[in-house]
Amino acid sequence: MAEASVTDGGTAPGGGSGDRHGLRSGPGRLLVTLYAVFTVGAASRSLYQLSTRFDEAPLAYLLSAGAALVYALITVVLVRGGERARRLGVAACAVELAGVLVVGTWTVLDPSAFPDSTVWSTYGMGYLFLPLVLPVVGLFWLRAGGARPAPARD
């Protein structure tokens, strides 16, 4: 019998659901959805800004593009699953959290450094602080095994 991964929405061998931490459960599906929405939002915003207004605030627009890439990576990791993807996801969530904290603090201490806001400005205040909350939830989810495959059973 082929082994199914908990993260692909399949059932564990032996007919049991086995996907307590998989995408079928609420938190995993919600995380994927939120990261996918943030990927599209940050990417489309930064592409528009980079192509039409780059000279106004290049640092802010490049940071938004970087955030979009991090969001896309985390989305793929959550969908793909597996131990290697989980480790990559933990690293990406840590980078995201560091970015939110550094850029958020920078925009609070020196607002003039950013003539236009980024996704991470003021800790994501323009996005209901979700950029600050998402990596923390993502780290907990990934550390708890949210993107690990189902264990093989005989």
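The values are calculated or read from the model by the stated rules, or taken from the named source; none is laboratory data. Quick caveat: nothing in here was measured; it's all calculated off a predicted structure. Ideal geometry is used to build each Cβ from the backbone, glycine not excepted, and the neighbour counts take in all protein chains shown. With ligands, DNA and RNA removed, areas are computed over all heavy atoms of the protein, side chains included. Shrake-Rupley method; radii C 1.70, N 1.55, O 1.52, S 1.80 Å.
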Considering only segment 73-98, state which residues are farther than 21 Å from residue 129 by Cβ and surrounded by fewer than 20 Cβ atoms within 10 Å (Cβ to Cβ). 76, 79, 80, 82, 83, 84, 87, 88, 90, 91
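Table: residues versus (1) touching a residue at least 12 places away in the same chain (Cβ under 8 Å); (2) open to solvent by less than 50 Å² (accessible area, probe 1.4 Å); (3) basic (Lys, Arg).
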residue	(1), (2), (3)
43	yes, yes, no
57	yes, yes, no
64	yes, yes, no
100	yes, yes, no
104	yes, yes, no
115	yes, no, no
123	yes, no, no
126	no, no, no
